[in-house]
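Let me begin by presenting the structure, written as structure tokens, before commenting on it.
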Amino acid sequence: MTTALGIAEVAESTGLTRDTLRWYEREGLIPRVNRGSDGRRRYDDVSLRMIQLVVRLRRTGMPVAEIRRFLALYNEGAASHGRRMALLLEHRERVLAQRAQLDEDLGAIDDKIEHYRGLIDRGLDCTETPITDPILIERQGDFL
């Protein structure tokens with residue numbers, strides 16, 4: 001099925017602003033968008049899929065320069081499949097490393113939450129009550 005959506009519809013469906021869509025096109029991050037007889041942009045299925053890919057790559061932290069490189073390879077056709085895959089595999093490794101770091105950071109936040117829950121459960125409110133329990137004083141440096 002071929003779609004022909006206007007920029008407002010694409011902006012709404014992708015969460016991007018119209019200005020961002022225009023910038024993506026100017027910067028070559030998406031293929032040139034066809035225009036209707038009225039001169040307005042008409043996004044087809046290929047454009048929409050490319051925009052969705054670019055959004056995902058940006059959301060996962062891929063630099064614009066790498067996205068341009070990926071799209072240049074895409075424009076080369078089938079001969080560049082291996083190089084495109086290599087670029088995506090490199091990015092995937094960075095995303096996995098970021099995710100591992102986020103998981104570790106989330107674990108530290110969870111530990112902090114449990115620490116404060118424990119204080120509250122023991123009737124201690126650190127904002128109003130000085131900590132006098134020797135075990136808590138010893139651990140206080142770990143949890144602030």
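The values are calculated or read from the model by the stated rules, or taken from the named source; none is laboratory data. Since the model is a prediction, treat every value here as computed from it, not as a measurement. A quick note on method: Cβ atoms are made from the backbone with ideal geometry, for glycine too, and the neighbour counts reach across all protein chains shown.
Quick notes on this structure:
- All conditions but one from (1) out of contact with any helix residue (DSSP H, G or I) (no Cβ under 9 Å at 6 or more places or on another chain); (2) outside any helix (DSSP H, G or I) apply to Leu16; the one that does not is (1).
- Among the conditions (1) in a helix (DSSP H, G or I); (2) modelled with pLDDT under 95, the only one that Gly82 does not satisfy is (2).
Yes or no, residue by residue, for (1) small (Gly, Ala, Ser); (2) under 30 Å from Glu9 (Cβ atoms); (3) assigned to a loop (DSSP other than H, G, I, E, B):
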| site | (1), (2), (3) |
| --- | --- |
| Arg32 | no, yes, yes |
| Ser37 | yes, yes, yes |
| Met50 | no, yes, no |
| Val54 | no, yes, no |
| Asn75 | no, yes, no |
| Ala86 | yes, no, no |
| Arg94 | no, no, no |
| Ala100 | yes, no, no |
| Leu124 | no, no, yes |
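- The criterion of being under 30 Å from Arg26 (Cβ atoms), out of contact with any Leu (no Cβ under 6 Å at 6 or more places or on another chain), surrounded by 14 or more Cβ atoms within 10 Å (Cβ to Cβ) and modelled with pLDDT of 95 or more holds for Leu87.
- Any pair with Cβ under 8 angstrom, 6 or more apart, that starts in segment 43-54 at a residue that is over 13 Å from Val33 (Cα atoms) and ends at one that is part of a helix (DSSP H, G or I): Gln52/Thr14; Val54/Tyr24; Val54/Ile67
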